[in-house]
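The values are calculated or read from the model by the stated rules, or taken from the named source; none is laboratory data. Since the structure is predicted, the reported quantities are computational estimates derived from the model, not experimental observations. Heads up, the Cβs are rebuilt from the backbone with ideal geometry, glycines too, and the neighbour counts pull from every protein chain shown. All accessible areas refer to the heavy atoms of the entire protein, side chains included, with ligands and DNA or RNA removed. Shrake-Rupley method; radii C 1.70, N 1.55, O 1.52, S 1.80 Å.
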Amino acid sequence: GEDVEQSLFLSVREGDSSVINCTYTDSSSTYLYWYKQEPGAGLQLLTYIFSNMDMKQDQRLTVLLNKKDKHLSLRIADTQTGDSAIYFCAEIFALTGGGNKLTFGTGTQLKVEL
Amino acid sequence: SAVISQKPSRDICQRGTSLTIQCQVDSQVTMMFWYRQQPGQSLTLIATANQGSEATYESGFVIDKFPISRPNLTFSTLTVSNMSPEDSSIYLCSVEGAGPTDTQYFGPGTRLTVL
């Protein structure tokens, strides 16, 4: 199957850490991605992780991958009001005609409160 | 990463009409993709567009409804035909970046409202 699930909402206080979780179903994906969508904007690639890694850190972002449980998480340290957005995880599938298709999670709306 | 622009950024259209959305990339790319994001929903792939060949459509999407052109390596169009209110969505194009990570970069999207 190609279902990628996320919790719908997360609310945190400014300065706290945010953890956004994602459960995917296809263990053959080579890469998993996190995208950010701000209101009225397109998708911005935040980070990605290769499937043979279990952790990747990029400044305030930490990605954890548990391949056994097909669980991916994104931790944002010192969350700021500018981090308020919808966050999508995505996994990649090869297309039979060439190229790759992204299957997106349901999206998690992060709200950062002062 | 690629810089991608889309036109129009938004439009309000009448039922039964058609709208063509343009996607321009600042570099030559082999594959371009069109996604739909219905209100409050996630993104769903409509079709993959390779230059010089017919677009490949995902299940649930057909060429008569969503014809796609790919005349060169930096440009593509998606037409939403015979629109109904159910077509109200954000339509996004994306391209696959160079390198081994198969990362896709997205345009800013076209917000379509059908009355």
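The phi-based Karplus calculation (6.51 cos²θ - 1.76 cosθ + 1.60; θ = phi - 60°) puts the 3J(HN,Hα) values of segment A:106-111 at 6, x, 10, 8, 9, 10 Hz, whole numbers, x for Gly and Pro. The dipole here belongs to segment B:1-95: it is taken about the Cα centre, uses +1 on the Cβ of Lys and Arg and -1 on the Cβ of Asp and Glu, and is about 140 debye. What percent do you get for the relative contact order of chain A when only Cα pairs under 8 Å and 6+ apart count? Answer for chain A is 36 percent. Distance from the alpha carbon centroid of segment B:7-31 to that of segment A:62-94 works out to 29 angstrom. The mean accessible area for residues of the protein assembly as shown, using a 1.4 Å probe and ignoring ligands and nucleic acids, is 48 Å² per residue.
What fraction of the Cα pairs in segment A:14-114, stated in percent, has a spacing above 21 angstrom? Looking at segment A:14-114, the distances longer than 21 Å represent 33 percent of pairs.
In order along segment A:42-58, phi translates into HN-Hα couplings of x, 9, 10, 5, 8, 6, 9, 9, 6, 5, 9, 9, 10, 8, 9, 10, 9 Hz, rounded to whole numbers, per the Karplus curve 6.51 cos²θ - 1.76 cosθ + 1.60 with θ = phi - 60° and x for Gly and Pro. Among the cysteines of the protein assembly as shown, B:13 have no other cysteine beta carbon within less than 4.7 Å of their own. Put a dot 7 Å past the Cα of residue A:53, heading toward its Cβ, do the same for residue B:84, and the two dots end up 4.5 nm apart.
Distant-in-sequence amide contacts of residue B:13, defined by a placed amide H-H separation under 5 Å and a gap of 5 or more residues or a different chain, comprise B:113, B:114, B:115.
Proximity of backbone amide H atoms, modeled 1.01 Å from N, is registered between residue B:89 and B:112 at under 5 Å, excluding neighbours fewer than 5 places apart on the same chain. Sorted largest first by accessible area at a 1.4 angstrom probe radius, with every protein chain in place, the residues B:56, B:113, A:79, B:79 fall in the order B:56, B:113, B:79, A:79.
Accessible surface of chain A, 1.4 Å probe: 48 percent of it comes from carbon and sulfur atoms. Rounded to the nearest Hz, the phi-derived 3J(HN,Hα) couplings of segment B:76-93 under the Karplus curve 6.51 cos²θ - 1.76 cosθ + 1.60 (θ = phi - 60°) are 8, 10, 10, 9, 9, 9, 6, 5, 10, x, 5, 7, 4, 6, 9, 10, 10, 9, where x marks glycine and proline.
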